[in-house]
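Novice: My structure is below; once you've seen it, I'll send some questions.
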Amino acid sequence: MTENIIILHNIAKHYKMGEVIVKALQSVTLKISRNEFVAIMGPSGSGKSTLMNIIGCLDTPTSGQYVLNGNDVSRLNDNELAEIRNKEVGFIFQTFNLLSRYSALENVMLPQIYAGKSRNQRTSRTNEVLLQVGLDDRKQHKPNELSGGQRQRVAIARALVNRPSIILADEPTGNLDSKTSIEIMNLLIDIHAQGNTILVVTHEEEIARYAHRIIKLRDGLVESDMLNEKRIFLISQP
């Protein structure tokens with residue numbers, strides 16, 4: 001039987017803006033299996049960013065249940081969420097979110113410091129993932145000394161370093177040119193092939209085509225949830 005790494009049951013998220021209640025998510029029920037590659041799509045205001053924040057333990061739902069890798073995280077406090085987030089979720093952001101004063105090596109090492117790993121463990125694992133993403137020769141460079149694609153590779157290495165249960169990529173190619181976007185998506189294919197569960201939040205059909213499964217949101221609800229029969233396994237460079 002395939003193990004469900006993510007279980008969302010009747011997830012709703014409401015915000016109060018003045019006298020108005022905004023229903024960002026209304027009732028979302030989903031299951032995502034370990035080692036799936038899933039794309040979450042939807043127009044602006046569809047609820048995909050809110051759903052990403054809940055899945056990534058950056059926010060909690062107003063109602064409903066969320067189980068991540070066997071842990072019910074629906075009602076955790078901020079400190080408990082931060083602990084689960086550091087252990088279970090690897091984030092890849094459109095804007096990279098690297099610390100400018102730190103080298104690639106130091107940026108990738110940070111999540112392990114928060115996880116309480118020893119210096120030897122941190123150094124060994126950081127070198128391993130930087131080699132995995134093809135940046136072994138750039139590990140002492142700071143973000144302003146790296147190209148956009150190289151910065152995103154650092155961010156991917158940072159996402160992988162604590163061996164999280166899921167990799168959550170928010171518009172991972174949004175700040176990259178077409179050629180570099182292909183390089184990054186090919187890298188995510190390789191990472192998925194090594195057993196990682198990947199969720200990509202995107203508005204780009206071309207990026208979603210890499211996924212096994214495409215979930216589309218509209219007005220805070222799941223509009224469609226389908227297997228991707230036209231999945232791209234590898235894109236050659238233009």
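Novice: In this structure, does S63 turn out to be under 16 Å from T202 (Cβ atoms) and either at pLDDT 95 or above or not hydrophobic (A, V, I, L, M, F, W, C) (or both)?
Specialist: So S63 fails the test.
Novice: Of the residues L217, L188, which is buried (at least 21 other Cβ atoms within 10 Å of the Cβ) and out of contact with any Gly (no Cβ under 6 Å at 6 or more places or on another chain)?
Specialist: Testing whether each residue is buried (at least 21 other Cβ atoms within 10 Å of the Cβ) and out of contact with any Gly (no Cβ under 6 Å at 6 or more places or on another chain) leaves just L188.
Novice: Looking only at the range 128-137, filter to residues that are within 19 Å of D177 (Cβ to Cβ) and not small (G, A, S); which one of those is surrounded by the most Cβ atoms within 10 Å (Cβ to Cβ)?
Specialist: Among residues in the range 128-137 that are within 19 Å of D177 (Cβ to Cβ) and not small (G, A, S), the one surrounded by the most Cβ atoms within 10 Å (Cβ to Cβ) is V133.
Novice: Pick out the one residue from E205, E183 that is farther than 26 Å from I84 by Cβ and either out of contact with any Leu (no Cβ under 9 Å at 6 or more places or on another chain) or among the hydrophobic types (A, V, I, L, M, F, W, C) (or both).
Specialist: E205
Novice: Would you confirm whether any residue within the range 144-152 is crowded, with 17+ Cβ neighbours inside 10 Å, among the hydrophobic types (A, V, I, L, M, F, W, C) and farther than 19 Å from A39 by Cβ?
Specialist: Among the residues of the range 144-152, at least one is crowded, with 17+ Cβ neighbours inside 10 Å, among the hydrophobic types (A, V, I, L, M, F, W, C) and farther than 19 Å from A39 by Cβ, which makes the answer yes.
Novice: What are the residues in the range 92-127 that are loosely packed, with under 14 Cβ neighbours inside 10 Å and either among the small types (G, A, S) or in a helix (DSSP H, G or I) (or both), if any?
Specialist: S100, I113, Y114, G116, S118, R119, N120, Q121, S124
Novice: Condition first: over 16 Å from N4 (Cβ atoms), buried (at least 21 other Cβ atoms within 10 Å of the Cβ) and touching a residue at least 40 places away in the same chain (Cβ under 8 Å). Now tell me which residues in the range 57-79 satisfy that.
Specialist: P61 - this is the single residue of the range 57-79 that is over 16 Å from N4 (Cβ atoms), buried (at least 21 other Cβ atoms within 10 Å of the Cβ) and touching a residue at least 40 places away in the same chain (Cβ under 8 Å).
Novice: Could you check I32 against (1) without any contact (Cβ under 8 Å) to a residue 40 or more places away in the chain; (2) in contact with a helix residue (DSSP H, G or I) (Cβ under 9 Å, 6 or more places away or on another chain) and say which number it fails?
Specialist: The failed condition is (1).
Novice: While we're on this one: Could you tell me whether any residue of the range 37-44 is at pLDDT 95 or above, part of a loop (DSSP other than H, G, I, E, B), under 23 Å from E229 (Cα atoms) and out of contact with any helix residue (DSSP H, G or I) (no Cβ under 7 Å at 6 or more places or on another chain)?
Specialist: Within the range 37-44, not a single residue is at pLDDT 95 or above, part of a loop (DSSP other than H, G, I, E, B), under 23 Å from E229 (Cα atoms) and out of contact with any helix residue (DSSP H, G or I) (no Cβ under 7 Å at 6 or more places or on another chain).
Novice: Of a type outside the set (K, R), closer than 17 Å to I232 by Cα and in a loop (DSSP other than H, G, I, E, B): does that describe H203?
Specialist: Yes.
Novice: Right, something else. Restricted to the range 128-152, and to residues that are hydrophobic (A, V, I, L, M, F, W, C) and either over 20 Å from the mean Cα position of the chain (by Cα) or outside any helix (DSSP H, G or I) (or both), which residue is farthest from V89 (Cα to Cα)?
Specialist: L146
Novice: How many residues does the range 153-178 hold that are assigned to a loop (DSSP other than H, G, I, E, B), surrounded by fewer than 24 Cβ atoms within 10 Å (Cβ to Cβ), out of contact with any Pro (no Cβ under 7 Å at 6 or more places or on another chain) and touching a residue at least 40 places away in the same chain (Cβ under 8 Å)?
Specialist: Total satisfying the criteria: 5.
The values are calculated or read from the model by the stated rules, or taken from the named source; none is laboratory data. Owing to the predicted nature of the structure, the values given are computational and were not obtained by experimental measurement. Methodologically, a virtual Cβ is constructed for each residue, glycine included, from the backbone with ideal geometry; neighbour enumeration extends over all protein chains shown.
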